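Only one structure is covered here, and it is reproduced in the block below.
Just so it is clear, none of the values below were taken in a lab; they were calculated from the coordinates. Computed from a predicted model, the values in this text were never measured in an experiment. Neighbour counts run over all protein chains shown; Cβ positions are idealised from the backbone, glycine included.
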Amino acid sequence: MTRLRELGRSGLQVGPIALGGNVFGWSVDEKTAFALLDAFVEAGFNLVDTADVYPAWVPGNKGGESETLIGRWLGQGGRRDKVVLATKVAKWAERPGLSADNIDAAVDDSLRRLRTDVIDLYQAHEDDESVPLEETLGAFARLIEAGKVRAIGASNYSAARLRDALKVSADYHLPRYESLQPEYNLYDRAGYEAELEPLAREQGLGVIGYYALASGFLSGKYRSAADAGKSGARGAKVVERYLNPRGLRILAALDDVAAAHAATPAQVALAWLIARPGITAPIVSATGVAQLHEVLAAARLSLSAQDVAQLDDASAEA
C-alpha cells in the first residue's frame, strides 16, 4: 500500500503522486480515462485533480468534459471511497471568478458532473482580486457547513495574496486554504521557492504542484528543436522555455541519476519533487496505462543526498 501523506491540516490523506485530469476529454478518451483511473487506484494512489474548465480549450469542447468523465467512472459504483476528489472554480468563462454567487452555482454544477454529493478538495483556480477575500472564504465556509465540500485550497495565488487570505480566515473564523497548487518542477523553481514555499511550510499547507514534468521536457523526450517539433504547440513551448543550456544541464543530471538507479529521467524528476520538504504530491498526467505505471514508480525511488545535490546544482538559476 502506498504510504499516505497529510494534506495540510485538512484531515485528508493522499498518496505522494496526484493524477491530473486535465487530459480527460482532450488527449484521453473515456475508455482510456477509465483504464487510467482504475490503474491509479489499484496501484494504491488516490488523489485525482481536475477543474470545471478542463478541457475547454479543445475545439468542440465547452468545458466540464473532464469532470463528466470522472463522474461516469464514479457512477460505475464502488469507487468513490477510493479517491480523494479535487476540483477547481474560477477560470471557466461559464463560471468565472470567486464571487459567492458564482461559487454557489459552480459547485452544484461540478457535483452534478462528478456524480457525487461531496468534493473533498475544492480549489480557487486563480485569484480574483475583484471580490473581497471574506466573501470568497465565506462562500466556501457555507459549502463546508452544507457538506458539499470537505476542504478548500488555492491555486495560482501570489504569496502576498495567500498570506492575506490566511489572515482573513483567522480574523473572521473562516475555513482556511489548506493546500496550494503552484507551478513547480526541477526547472521552474524560483516562482515557488522564493516566497510561496516558506509561507506554505510556515502555515503547514499541503502543496500539490502542477507541470511536474515541465510539459514533458523533464521526461527527456525533447532534446532538440527537431524532437519538440513533433509535438505541435506543446513542443513549441518546450523549445521556447526549456531548450537552453540550463535545461540541457538539468537533463544531463537526470540522465546520470537515472542511470545510477536503473530509473527513467521522469521518475527521477518526480522523486526529487516527492522528496522536497513541504511537497505533498506532484500532479502528473498520463495518456496511457504503461506511461502511468512508469511515473507512479517514482514514489518507490529513494534519492540519496548526493543525488538531490547534483539535481539542485544542475537546476540552479544564474
Taking every other residue with Cβ under 11 Å from the Cβ of residue 88 and scoring Lys and Arg +1, Asp and Glu -1, one gets -2
For the chain, longest principal axis from Cα atoms; helix 65-74 axis from its Cα atoms; angle between them, nearest 10 degrees, is 80
HN-Hα couplings for region 143-151 via Karplus (6.51, -1.76, 1.60; θ = phi - 60°), in whole Hz with x for Gly/Pro, come out as 5, 5, 4, 7, x, 7, 9, 8, 8
Label model pair residue 287, residue 62: point-to-point distance (7 angstrom along the Cα→beta-carbon line) in nm is 2.7
In debye to the nearest 20, the charge dipole size for region 1-111, taken about the Cα centre with +1 at each Lys and Arg Cβ and -1 at each Asp and Glu Cβ, equals 360
Diffing region 156-163: the Karplus 3J(HN,Hα) column from phi (6.51, -1.76, 1.60, θ = phi - 60°), in whole Hz with x for Gly and Pro, holds 6, 9, 6, 4, 5, 6, 5, 4
Stretched fully, the stretch from residue 104 through residue 3 gains (0.36 nm per residue minus C-alpha distance, one decimal, in nm) 32.9 nm
Simple SL model, points at 7 angstrom along Cα→Cβ for residue 27 and residue 158; separation in nm is 3.2
Expected sort for 195-204, 309-318, 121-130 on mean C-beta neighbours within 10 Å, highest first, is 121-130, 195-204, 309-318
Amide H neighbours of residue 223 at under 5 Å, excluding residues fewer than 5 places away on the same chain, with H built from the backbone geometry, are 228
For the chain, longest principal axis from Cα atoms; helix 232-241 axis from its Cα atoms; angle between them, nearest 10 degrees, is 70
Yeah, region 137-194 with a ≥ b ≥ c from its alpha-carbon gyration tensor (a/c under 1.5 is rounded, else prolate when a/b outruns b/c, oblate otherwise) is oblate
Nearest-0.05 FRET efficiency for residue 203 and residue 144 at R0 = 25 Å, using Cβ-Cβ distance, is 0.85
The long-range amide H neighbours of residue 51, using H built 1.01 Å from N in the peptide plane and a cut-off of under 5 Å, are 67, 88
If every Lys and Arg gets +1 and every Asp and Glu gets -1 at its Cβ, then about the Cα centre the chain yields a dipole, in debye to the nearest 20, of 720
Two pseudo-spin positions, 7 Å from Cα along C-beta at residue 172 and at residue 230, lie apart in nanometres by 5.2
Restricted to pairs 8 or more residues apart or on different chains, the lysines in the chain with C-alpha atoms under 26 Å apart form a number of pairs equal to 19
In whole angstrom, the spacing between the Cα centers of region 184-224 and region 30-96 equals 22
Counting sequence-distant residues (5 or more places) and residues on other chains, those with an amide H built under 5 Å from that of residue 18 are 283, 284
Computed ³J(HN,Hα) along region 267-279: with the Karplus parameters 6.51/-1.76/1.60, θ = phi - 60°, integer Hz and x for glycine or proline, the list is 4, 5, 4, 6, 4, 4, 5, 4, 7, 5, x, x, 7
Charge dipole of region 116-240 built from unit charges on the beta carbon (Lys, Arg +1; Asp, Glu -1), centred at mean Cα; most positive-end Cα among 186, 165, 147 is 186
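Mind checking the dipole of region 80-157: about its Cα centre, +1 per Lys or Arg Cβ, -1 per Asp or Glu Cβ, Debye to the nearest 20?
540
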Summing -39500 (n - 2.57) over every DSSP H run of at least 4 residues in the chain and dividing by its residue count gives a helix-only mean residue ellipticity at 222 nm, to the nearest 500 deg cm²/dmol, of -13000 deg cm²/dmol
